[in-house]
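Data first, discussion second: the structure below is written as structure tokens.
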Ligand SMILES: Cc1cc2nc3c(=O)[nH]c(=O)nc-3n(C[C@H](O)[C@H](O)[C@H](O)COP(=O)(O)O)c2cc1C
């Protein structure tokens, strides 16, 4: 799929997935799109755990009982390193934002769907429980920031509407 087509088609999918498996080669393709993203000072602070083990997936489903997680064929856990790129400046959030967007586009281009689950992890110790599930050791420097459940969507819908271009994009001037 053409890049601009993927940009237009990408949307957050929160419905159920079909039972079609996602081949490991595709999971690695998506992961590679993520780690090829730019990062501040090329510190490459974003790390990925691909969860495909059915028992682990069931544990995720118990933790976040919603169709998109309960029926996911695999889940990417995005783990970020908070150590500064230089001085006391960390680009952790910007780095993982770039990595996750690359992954969303790769997911779309390959005909799968996903949703960026980030806010959903920030309550009831969910991010910490996910860290336990994947055996994350260095809790001082690494955080579970996002999960991306993935599969073949049962249905697709168009991208949610955006404000008109001329309300957000300006040529040689600003608001
Ligand atoms: C930083 C960030 C955090 C997000 N966290 C969640 C989340 O916890 N749960 C969720 O369902 N969607 C989450 N989303 C998805 C947004 O709700 C979604 O991108 C937005 O509503 C626009 O819809 P679209 O992705 O379909 O274009 C998050 C997106 C971003 C960029």
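The values are calculated or read from the model by the stated rules, or taken from the named source; none is laboratory data. Note that the coordinates shown come from a computational prediction; the quantities given were computed from them, not determined experimentally. We place every Cβ from the backbone using ideal geometry, glycine too, and count neighbours over all the protein chains shown.
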| Which residues, counting only those in the range 72-101, are away from the ligand (no atom under 12 Å from the Cβ) and closer than 16 Å to residue 50 by Cα? | 72, 73, 74, 75, 76, 77, 79, 80, 99
| request: Examine the range 131-145 for a residue that is within 12 Å of the chain's Cα centre (by Cα), at pLDDT 95 or above and either within 12 Å of the ligand (Cβ to nearest atom) or within 25 Å of residue 26 (Cβ to Cβ) (or both), and state whether such a residue exists. | output: yes
| query | Do you know which residues across the range 1-44 are within 16 Å of the ligand (Cβ to nearest atom) and closer than 24 Å to residue 132 by Cβ? | reply | 34
| request: Could you check, for the range 106-118, whether at least one of its residues is under 16 Å from the mean Cα position of the chain (by Cα), under 26 Å from residue 84 (Cβ atoms) and crowded, with 21+ Cβ neighbours inside 10 Å? | output: no
| remark: Among 75, 50, the single one that is closer than 30 Å to residue 1 by Cβ, surrounded by 20 or more Cβ atoms within 10 Å (Cβ to Cβ) and in contact with a helix residue (DSSP H, G or I) (Cβ under 6 Å, 6 or more places away or on another chain) is 75
| task | Inspect all residues belonging to the range 159-170 and state whether any of them is within 15 Å of the ligand (Cβ to nearest atom), in contact (Cβ under 8 Å) with a residue 60 or more places away in the chain, part of a loop (DSSP other than H, G, I, E, B) and exposed (fewer than 10 other Cβ atoms within 10 Å of the Cβ). | result | yes
| field | Neighbours by Cβ (under 6 Å, 6+ apart or cross-chain): first from the range 96-112, over 13 Å from residue 13 (Cβ atoms) and free of Cβ contacts under 8 Å to residues at least 60 places away in the same chain; second within 12 Å of the ligand (Cβ to nearest atom) and not in a loop (DSSP other than H, G, I, E, B) | value | 96/78; 96/145
